[in-house]
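**Student:** Attaching a single structure in structure tokens format; questions to follow.
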Amino acid sequence: MSRFHPGGLFLAAALAVPALAAPPEHRLHLSFGGGAQAYLSNTRTMGGVGGSVGLKDVYRDFLLLEADASYLFLVGNVFSLRGGVGLQWPGLYSPAVSVNLGLMMGDRFSFLQPGMGSAGPTPSLTFGLVVSPLRFWTSRGIVSVLQLGAGLGTEFPGLGGSIYLGLLEISVPLN
């Protein structure tokens with residue numbers, strides 16, 4: 001004679017449910033954005049408005065690693081590369097701040113200043129800070145409505161300044 005034990009039913013149900021997997025340490029995203037960038041110095045001005053495509057890696061829901069490439073127009077044709085590392089607040093509302101290294105190359109306005117040579121065909125290299133105050137993160141992706149950035153660039157002799165305004169960036173997860 002067999003008896004039915006209710007604990008056996010609970011054990012069978014518990015074994016049938018797959019274990020909840022921990023979230024992955026790295027969450028890789030493909031990002032698409034639009035905005036404006038400019039580099040200003042005593043000897044040249046370059047930049048414009050355009051779109052970007054890039055990769056973002058969110059490590060342990062906190063650390064950001066990012067790289068993107070942009071094509072800018074309206075002040076000539078400019079190609080921009082940016083890479084950075086930053087921190088984000090985990091959760092649905094996830095503002096972020098990152099330190100970036102940028103490279104802009106392409107068309108520019110050159111100025112001749114007394115006692116200074118003109119900027120040659122070298123790209124401008126900048127180091128700056130980007131703040132994303134209106135940024136939202138879910139399992140379906142990241143949406144950033146506003147990004148503000150500023151930095152300093154190399155200009156021999158002297159320094160130049162860079163500004164960045166991101167109006168919309170959408171990142172979709174790859175894993």
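We did not get these values from a lab; they are worked out from the coordinates using the rules stated. On a predicted model such as this, the values are computed, not experimentally measured, just so you know. We place every Cβ from the backbone using ideal geometry, glycine too, and count neighbours over all the protein chains shown.
**Student:** Ordered by residue, what ³J(HN,Hα) values in Hz, to whole numbers, does segment 36-44 give under the Karplus form 6.51 cos²θ - 1.76 cosθ + 1.60, where θ = phi - 60° and Gly and Pro are x?
**Tutor:** 9, 9, 8, 10, 10, 8, 5, 10, 7
**Student:** Set the Förster distance to 41 Å, then compute FRET efficiency between residue 28 and residue 159 from the Cβ-Cβ distance, nearest 0.05.
**Tutor:** Calculated transfer efficiency: 0.70.
**Student:** Could you give the length gained on full extension between residue 69 and residue 175, defined as 0.36 nm per residue of separation minus the Cα-Cα distance, in nm?
**Tutor:** Details: separation 106, 0.36 × 106 = 38.16 nm, distance 2.13 nm.
36.0 nm is the gain from fully extending residue 69 to residue 175.
**Student:** Can you give the Rg to Rh ratio for segment 32-175, taking only C-alpha atoms and Rh from Kirkwood? Show your work: numbers first, answer last.
**Tutor:** Numbers: Rg = 16.0 Å, Rh = 15.6 Å.
Rg/Rh for segment 32-175 comes to 1.03.
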